[in-house]
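Structure first, commentary second.
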Amino acid sequence: MFGNDYNAFQEINEEIAPEQLQILKNQLESENPQTPDSQFNYAWGLLKTKNSRQQKQGMDILTVLYRDVPRKRRDSLYYLALGSVKLGEYSNARRYAEALLEKEPNNSQFQSLKKAIDDRVTEDGLIGLGVAGGVLAVGLGIMGAPRVRDNGVREWTVLAGLVSVDEKENIEVISLATGVKALPDQVRKYSNGWVVHDMHAEILCLRMFNYLVLKDVVRDRGGEDLVFLERENSKLKLKRKIKLALFISEPPCGDASMSYVAQGREAWEERPEEPAAKKQKNESSITINRGRAGFDKLGVVRTKPGRADSNVTLSKSCSDKLCLRQEVGILNSINSFLVDPVYLDYLVLPKEKFREDDFERCFGRIEIEKGKKLVPLVYDKDSYKFHKSPGSVPSPVSLVSSPASSIVQVLSNGAKYGGFVKNKPPKPSGSSILCNQNMARMIKQHPEFQQFNSYLDIKQASERHHLKASLEAALGDWIPTTPDNFLL
């Protein structure tokens, strides 16, 4: 976060050394019975780690101490408030601080805590408004309007933007995209790396970011000035004091939007109850949870939405992809060889469509050890005019742009507009700069990649691939897409 921090917030964000945490744990385990003081000290140490599982364990210990040990209630409540701030659970933090003030309304420390929490909420709210305003101001000037078809039906689309926020809260739009389409899995059998398969707006924003990072990698090889990265020792990393926010004009498809979507089921999506004969299964007979069908199923991996009668895409929902990226990071396999992991800090969503229960359930499905838990920010001044509305239909095209680099591409069926070839990959001239072939060609001569013969070799050799695979297994029902492989 930015601005003047409450001192205790700074302390809880200072990571504890592993050996110090081990000392606290050893002390606790040496006691029989364990004393509340040692339990409290260990809980505080757990909160100072970067591991989400350990942080939650610390909160659980404090909760038990508050409930069972009267003399520790005051301290436990105070540190529950601090822990909630670190976890981004501001409603709980406020509740704990208010409980402290209810008992001791004149306590200056508790008053400062409550004010610091309120300031943090206000500060984050202003960042959310600033991010939304920046994306909408730039995006509406670039993207133009989805068209009205000859039959009078209006098209709608989702707008997303990746934004950097520096320590002075200056906001810069890195990438913009629109789109709600994903291609059937069967396309991957012949795409040969020339097709962009997932054209949902938020995923295109991240692909454009990877393209820009890859350009920095090329610049670094040529001794040129870098835009987003800096070199530290032998590896490149994102420039310090930059936080990244992803704005989306709709909650991401999949688990993070189930409650909101259930209030009004859209005609372009599959029906919630499909006949048994139409239910999609993979070769191992695991039922595929398609899009937003089956509103009674929560916390499950889903594919992208699509009509019930459409060819199935195995591309996972944006909720699932963003959930994994909390730990894996947002860099692709190529960049992850050369650049330290980069994580999103914020997800900025419209207030009227944000459901906290959905967000916490969706993004709490994995344990975060090295990554960052996404913090949700909301905005309530929405000037975007191309939301879904009754009778409107999804736009078949996507736009992706990097305003600072003056890059704009319109995509249709995974290729540049006009470059699509039915049942074949597009010609190189008709492909997007964001397709895997073009990304791989940018680093083909880099010495780090001379050992590989194919794109799949790169993916399977990366640490990112193995971490991602373990997280996919933990989520369950993660049916892999057909490999989109090609020779380098």
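The values are calculated or read from the model by the stated rules, or taken from the named source; none is laboratory data. Here the structure is a predicted model, which means the values were calculated and not measured. Neighbour counts run over all protein chains shown; Cβ positions are idealised from the backbone, glycine included.
Mind telling me which of the residues A43, A8 ends up being crowded, with 17+ Cβ neighbours inside 10 Å and modelled with pLDDT under 95?
Numbers: A43 fails: modelled with pLDDT under 95.
Selected residue: A8, the only one of A43, A8 that is crowded, with 17+ Cβ neighbours inside 10 Å and modelled with pLDDT under 95.
Figure legend. Inter-residue proximity from segment 201-212: first residues more than 17 Å from C253 (Cβ to Cβ) and assigned to a helix (DSSP H, G or I), second residues at pLDDT below 95 and aromatic (F, W, Y), beta-carbon distance below 7 Å, spacing 6+ or different chains. Indicated pairs: L212/F228. If you go through segment 414-429 and keep only what is in contact (Cβ under 8 Å) with a residue 40 or more places away in the chain and either surrounded by 16 or more Cβ atoms within 10 Å (Cβ to Cβ) or in a helix (DSSP H, G or I) (or both), you end up with G414, A415, P425, P426, P428.
Among the numbered conditions (1) under 22 Å from I248 (Cα atoms); (2) more than 15 Å from the chain's Cα centre (by Cα), the only one that V339 does not meet is (1). Here K353 meets the list (1) under 21 Å from C205 (Cβ atoms); (2) surrounded by 20 or more Cβ atoms within 10 Å (Cβ to Cβ) almost entirely, failing just condition (2).
Could you pull out the residue among A160, A116 that is small (G, A, S) and in the same structural domain as N311 (by TED's automatic domain parsing)?
Values: A116 fails: in the same structural domain as N311 (by TED's automatic domain parsing).
None of the other options fit; the residue is A160.
Residues checked against (1) modelled with pLDDT of 80 or more; (2) under 16 Å from the mean Cα position of the chain (by Cα); (3) surrounded by fewer than 21 Cβ atoms within 10 Å (Cβ to Cβ); (4) assigned to a loop (DSSP other than H, G, I, E, B):
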| site | (1), (2), (3), (4) |
| --- | --- |
| G264 | no, no, yes, yes |
| E273 | no, no, yes, yes |
| F295 | no, no, yes, yes |
| G306 | no, no, no, yes |
| R325 | yes, yes, no, no |
| R365 | yes, yes, yes, yes |
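Annotation: of all residues in segment 80-112 being in contact (Cβ under 8 Å) with a residue 60 or more places away in the chain and either farther than 21 Å from S52 by Cβ or not charged (D, E, K, R) (or both), the one that is surrounded by the fewest Cβ atoms within 10 Å (Cβ to Cβ) is S91. Tell me, yes or no, whether segment 7-18 has at least one residue that is farther than 27 Å from E123 by Cβ and not in a loop (DSSP other than H, G, I, E, B). Scanning segment 7-18 turns up at least one residue that is farther than 27 Å from E123 by Cβ and not in a loop (DSSP other than H, G, I, E, B). Within the set L411, L344, L349, the sole residue that is under 21 Å from A245 (Cα atoms), touching a residue at least 12 places away in the same chain (Cβ under 8 Å), in contact with a strand residue (DSSP E or B) (Cβ under 8 Å, 6 or more places away or on another chain) and in a strand (DSSP E or B) turns out to be L349. For segment 467-488, filtering for residues that are in a helix (DSSP H, G or I), crowded, with 16+ Cβ neighbours inside 10 Å and not basic (K, R) leaves 4.
Just to be sure, is S319 hydroxyl-bearing (S, T, Y) and either more than 10 Å from the chain's Cα centre (by Cα) or closer than 18 Å to V196 by Cα (or both)?
Details: hydroxyl-bearing (S, T, Y): yes; either more than 10 Å from the chain's Cα centre (by Cα) or closer than 18 Å to V196 by Cα (or both): no.
Judged against the criteria, S319 is not a match.
Checked across segment 434-452, the condition of being outside any helix (DSSP H, G or I), small (G, A, S), surrounded by 15 or more Cβ atoms within 10 Å (Cβ to Cβ) and in contact with a helix residue (DSSP H, G or I) (Cβ under 7 Å, 6 or more places away or on another chain) holds for no residue.
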